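S.K.: One structure is given below, represented as structure tokens, and several questions about it will come after.
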Amino acid sequence: MLMNIPLTAADFHAFSARYGGDELCLVVIGSSHRPEEVADRLREHLVEIQKGQEPSMGYTVTVSIGYVVRHTPDYSSDDLISRADFYQYQDKRNCHRANEK
């Protein structure tokens, strides 16, 4: 479902790739948007896609997003992915806590 989100329609240019079982890696190129804005737009697109599903899927798809901004070439690809993965799991924990309340 996430692979079907029109990334250029979200007002930024990006490419995505599957990273692990149910994880995606999204690389946003030259965006003037803050990473939080990009994450919010992806979440909004996901909600809209699910609203259009008829009949209802019977479950809701959510996302946990971790991001890293790279302005200089100081980090290797492995470092960037590791840091983004850390923040993605932090976001997942925060979402679970919010849903438990």
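The values are calculated or read from the model by the stated rules, or taken from the named source; none is laboratory data. Note that the structure is a prediction, hence the values are computed from the model and not measured. Note that we place each Cβ from the backbone using ideal geometry, even for glycine, and neighbour counts take in every protein chain shown. Heads up: the accessible areas ignore ligands, DNA and RNA and are worked out on the full protein's heavy atoms, side chains in. Shrake-Rupley method; radii C 1.70, N 1.55, O 1.52, S 1.80 Å.
S.K.: Given the structure, is residue 59 closer than 20 Å to residue 92 by Cβ, open to solvent by 70 Å² or more (accessible area, probe 1.4 Å), among the aromatic types (Phe, Trp, Tyr) and touching a Phe, Trp or Tyr at 6+ places or on another chain (Cβ under 8 Å)?
M.R.: So residue 59 does not fit the description; no.
S.K.: Can you say whether residue 20 is on the phi > 0 side of the Ramachandran plot and either part of a helix (DSSP H, G or I) or at pLDDT 75 or above (or both), as far as the supplied structure shows? Spell out how you get there, then give the answer.
M.R.: Numbers: on the phi > 0 side of the Ramachandran plot: yes; either part of a helix (DSSP H, G or I) or at pLDDT 75 or above (or both): yes.
In short, yes.
S.K.: Name, by its number, the condition in (1) open to solvent by 50 Å² or more (accessible area, probe 1.4 Å); (2) touching a strand residue (DSSP E or B) at 6+ places or on another chain (Cβ under 8 Å) that does not hold for residue 31.
M.R.: The number of the failed condition is (1).
S.K.: Considering segment 25-41 alone, what residues qualify as being in contact with a helix residue (DSSP H, G or I) (Cβ under 7 Å, 6 or more places away or on another chain) and more than 23 Å from residue 72 (Cα to Cα)?
M.R.: Within segment 25-41, just 41 meets the criteria.
S.K.: Residue under question is residue 47, and the condition is that it be within 18 Å of the chain's Cα centre (by Cα), at pLDDT 80 or above and part of a loop (DSSP other than H, G, I, E, B); does it hold?
M.R.: no
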